[in-house]
Amino acid sequence: MMDSSYLESLELPQEKFPQTWKILKSGIQEGVAPGFVAGLWSTKNPDQIYVCAQGQRRLVPSIQPMQVNTCFDLASVTKVFATATLTAVLIDRGWLSWGTSVSSIFPSYPYPKIEIRHLLSHTAGFVAWHPFWEEMRHYFFPQALEAVSIQRRQNRMKERILALAPDAEVGTQTLYSDISFILLGFLLEEVTQMPLDHAVRRFVWQPMGVRGASFRRVTRSVVDAVDESAAATEDCPWRGGVVQGQVHDDNCWAMGGYAGHAGAFGSARDLLYFSKKLMEGFISPIILKQMWTRVSLPAGCTRTLGWDTPSGDLPAASLLFSSQSVGHLGFSGTSLWIDPAENLAVVLLSNRIHPSRDNIKIREFRSHFHKAIWLEQLTF
């Protein structure tokens, strides 16, 4: 049963947000994504969350309408919704600091200059990505990965990550890297002495009151794990069909469904409630300010300690969100942006990689959507 403190969820009113609704409908017509769930929370109406749904959560083999409570594979939004926030909570408790080195947690780790702050801001020097899932499939062959115990899969990935050398000197460049967050996830497990999915639930989601979020452990094939309450992602032949309710990210899938960089599932309501709790003091003001402030080195870095900020000529959050805004995008077509100057949080969730990841129309679409909803919330 939903916690009584959970916010009331109302439909985003079309008469107050006509351009926002129009853009969402046009996004479906133009093939940006099969469906969207969008919503906002602000201090103007602090006891309500406003959400709307458009389109379909699955197209093949059967059409399934999108609903406001549809659960999404949040992909890299996991980085802020789970991993970065867990890190901040542990720093708030005095268990860690932004300057804690990886080698102080793993004494045999050979790169003593890498600190938590570097992992969070993508300045540790690691490459963006590596196909560990292919190595894992080969390593455990002839067993199918979903038939291998999650503990064995996690242990193998941990060995590989701790042995991986950075490509650049720490702190000299910014390169968005899943590897940094996978390593951070293992560090947090060592500190909390529990699996990452359990630690996030114990220290973040449960005390916040976020009830609908979860990591979904991978112990079955894609076909056996279909969950029609979730938005579908890719039609993946080598995994056996359309992924729906199981993590899409290949490396997270290989690890068993939970990792520092991906794996969280949740609804628009979950993300907006999470944003409200952050803005209302779930983390102490000093730690929150540190987490949401752009790092100073290297010069020109647009990352904070875990979060992204609006940047470029056409930022995903549009040019209207303030310079204090923070957020994150997910490969699956998800995003969360928080504007502390406006006391506003906006979620845009889509299944843009269903049925294929080749669809990149959402890149331009995001900015138009955020411009519309930001303008219309001013008079709401």
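The values are calculated or read from the model by the stated rules, or taken from the named source; none is laboratory data. Just so it is clear, the model here is predicted, and its values are computed rather than measured. Please note: Cβ atoms are built from the backbone with ideal geometry, for glycine as well, and neighbour counts cover all protein chains shown.
Okay, residues lined up against (1) on the phi > 0 side of the Ramachandran plot; (2) of a type outside the set (Asp, Glu); (3) surrounded by fewer than 22 Cβ atoms within 10 Å (Cβ to Cβ):
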| position | (1), (2), (3) |
| --- | --- |
| ALA75 | yes, yes, no |
| LYS79 | no, yes, no |
| ALA82 | no, yes, no |
| ALA88 | no, yes, no |
| GLY94 | yes, yes, yes |
| ILE105 | no, yes, yes |
| LYS113 | no, yes, yes |
| ILE116 | no, yes, no |
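Residue-by-condition table, conditions (1) over 18 Å from the mean Cα position of the chain (by Cα); (2) in a loop (DSSP other than H, G, I, E, B); (3) among the hydroxyl-bearing types (Ser, Thr, Tyr):
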position	(1), (2), (3)
GLU342	yes, yes, no
ALA345	no, no, no
ARG357	no, yes, no
PHE369	yes, no, no
LEU375	yes, no, no
THR379	yes, yes, yes
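So that you can scan it fast, the table gives a plain yes or no per residue for (1) within 23 Å of VAL80 (Cα to Cα); (2) within 18 Å of the chain's Cα centre (by Cα); (3) assigned to a helix (DSSP H, G or I):
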position: ARG156; (1), (2), (3): no, no, yes
position: LEU162; (1), (2), (3): yes, no, yes
position: ALA165; (1), (2), (3): no, no, no
position: GLN173; (1), (2), (3): yes, no, no
position: ILE179; (1), (2), (3): yes, yes, yes
position: LEU184; (1), (2), (3): yes, yes, yes
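Just one of GLY245, GLY281, GLY212, GLY241 is touching a helix residue (DSSP H, G or I) at 6+ places or on another chain (Cβ under 7 Å), over 30 Å from ALA165 (Cα atoms), free of Cβ contacts under 8 Å to residues at least 60 places away in the same chain and among the small types (Gly, Ala, Ser); which is it?
GLY241
Just to verify a result, which residue in region 120-145, among those that are touching a Ser or Thr at 6+ places or on another chain (Cβ under 6 Å) and not β-branched (Val, Ile, Thr), is surrounded by the fewest Cβ atoms within 10 Å (Cβ to Cβ)?
Quick first cut of region 120-145, residues touching a Ser or Thr at 6+ places or on another chain (Cβ under 6 Å) only: 122-124, 126, 128.
Retained after the next criterion (residues that are not β-branched (Val, Ile, Thr)): 122, 124, 126, 128.
On the way: HIS122: 24, ALA124: 29, PHE126: 28, ALA128: 12.
Across region 120-145, the extreme among qualifying residues is ALA128.
Under 7 Å between Cβ atoms, at least 6 apart or on separate chains: pull out the pairs that start in region 1-26 with a residue that is under 16 Å from VAL37 (Cβ atoms) and end on any residue that is at pLDDT below 95 and not in a strand (DSSP E or B).
Sorted first by the residue in region 1-26, then by its partner, the pairs are LEU7/ASP47.
Tell me, please, whether a residue that is farther than 23 Å from THR334 by Cβ, in contact with a Gly (Cβ under 6 Å, 6 or more places away or on another chain) and either of a type in the set (Gly, Ala, Ser) or surrounded by 19 or more Cβ atoms within 10 Å (Cβ to Cβ) (or both) can be found in region 192-212.
Scanning region 192-212 turns up no residue that is farther than 23 Å from THR334 by Cβ, in contact with a Gly (Cβ under 6 Å, 6 or more places away or on another chain) and either of a type in the set (Gly, Ala, Ser) or surrounded by 19 or more Cβ atoms within 10 Å (Cβ to Cβ) (or both).
Select from region 325-343 the residues that are farther than 21 Å from THR78 by Cα and touching a strand residue (DSSP E or B) at 6+ places or on another chain (Cβ under 9 Å) and write down the one among them that is surrounded by the fewest Cβ atoms within 10 Å (Cβ to Cβ).
Only one residue tops the list, namely ASN343.
Taking region 295-312, which residues are crowded, with 17+ Cβ neighbours inside 10 Å and part of a loop (DSSP other than H, G, I, E, B)?
The first filter runs over region 295-312 and keeps only residues crowded, with 17+ Cβ neighbours inside 10 Å, leaving 295, 301, 303-310.
Answer for region 295-312, where residues must be crowded, with 17+ Cβ neighbours inside 10 Å and part of a loop (DSSP other than H, G, I, E, B): VAL295, CYS301, THR304, LEU305, GLY306, TRP307, THR309, PRO310.
Would region 30-50 turn up any residue that is surrounded by fewer than 17 Cβ atoms within 10 Å (Cβ to Cβ) and either closer than 30 Å to LYS361 by Cα or touching a Pro at 6+ places or on another chain (Cβ under 7 Å) (or both)?
If we filter region 30-50 for residues that are surrounded by fewer than 17 Cβ atoms within 10 Å (Cβ to Cβ), which is where we start, we get 30-31, 43-48.
Those left that are additionally either closer than 30 Å to LYS361 by Cα or touching a Pro at 6+ places or on another chain (Cβ under 7 Å) (or both): 30-31.
Within region 30-50, one or more residues are surrounded by fewer than 17 Cβ atoms within 10 Å (Cβ to Cβ) and either closer than 30 Å to LYS361 by Cα or touching a Pro at 6+ places or on another chain (Cβ under 7 Å) (or both).
So which of PHE36, PHE81 ends up being part of a helix (DSSP H, G or I) and in contact with a Gly (Cβ under 8 Å, 6 or more places away or on another chain)?
PHE81
Could you tell me whether any residue of region 368-380 is modelled with pLDDT of 95 or more and closer than 28 Å to TRP129 by Cα?
no
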